[in-house]
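In what follows, a structure is listed as structure tokens, so that the remarks can point back to it.
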């Protein structure tokens, strides 16, 4: 399998899942140059992923390409002998799906406007306030256990960690959320996370 990524982008989530799952995933860095997007092999990335040319994308051994981060991490978990999801059919499994949806629609999507260079300071402030509103719920939930679902890492943890790393880019101070801060440090310390960060040339969040 080959994972197409850009350092620190949302593709870090499946990268972490692949390393936590001890899967032999090959990496292909996608370079963004204006409207042009090129893989490490010189391919036009819009051909690899015609759905907007965004990362992540996963080329399977069959040659098929799977896009959308949430679908990719669930596929990777199914290929791994490591336990990265709760038992299918259990309530915790549906809680996992609930978390993945919440992170995607309420937190990940919340950061998107901040990357618009035309955003006004007023709109930026309002958007950050909205994100922190969503994080109030996350902070409370992480006060109950080490990870989002109990005390073992599951897929939403990799996704949340990836998205919250962007808070530094926008000078969002998470110190008022001690449970989230502890979670980020806990993720930093995981070997799979360390390996993924090293391969992408990134520092730990708390570094």
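Just rank 134, 59, fewest to most, by other beta-carbon atoms within 10 angstrom.
134, 59
Take the eigenvalues of the Cα gyration tensor for region 2-79, scale each by 5, and report the square roots as semi-axes in whole Å, largest first.
Numbers: eigenvalues 80, 31, 24 Å².
Largest first, region 2-79 gives 20, 12, 11 Å.
Counting other beta carbons within 10 Å of each Cβ, put 90, 181 in order, fewest first.
90, 181
Per residue, how big is the convex hull around the C-alpha atoms of region 80-167? Give it to me in cubic angstrom, could you?
On the way: hull volume 8.5 nm³, N = 88.
It comes to 97 Å³ per residue, whole-number rounded.
Mind ordering 91-101, 28-38 by average Cβ neighbours within 10 Å, highest first?
Working: 91-101: 15.5, 28-38: 13.7.
Packing proxy ranking, top to bottom: 91-101, 28-38.
By per-residue mean of other Cβ atoms within 10 Å, what is the highest-first order of 111-124, 138-151? Let's see the in-between values first.
Working: 111-124: 11.2, 138-151: 15.8.
Peptide ranking by packing, descending: 138-151, 111-124.
Given 0.36 nm per residue, what is the gain on full extension from residue 124 to residue 198 after removing their alpha carbon distance, in nm?
23.5 nm
How far, in nm, would the chain grow between residue 61 and residue 93 when pulled straight, counting 0.36 nm per residue and subtracting the alpha carbon separation?
So the chain would gain 8.8 nm between residue 61 and residue 93.
In what sequence do 183, 46 fall when counting other Cβ within 10 Å, fewest first? Show your work: numbers first, answer last.
Details: 183 25, 46 15.
Placing the least packed residue first, the sequence is 46, 183.
Can you tell me the length gained on complete extension of the stretch residue 170 to residue 81, counting 0.36 nm per residue apart and subtracting the Cα distance? Don't skip to the answer; put the middle values down first.
Details: separation 89, 0.36 × 89 = 32.04 nm, distance 3.72 nm.
Answer, rounded to one decimal: 28.3 nm.
Values quoted throughout were computed directly from the atomic coordinates according to the rules given, and no laboratory measurement underlies them. Everything quoted here is computed from the prediction, not taken from an experiment. Please note: Cβ atoms are built from the backbone with ideal geometry, for glycine as well, and neighbour counts cover all protein chains shown.
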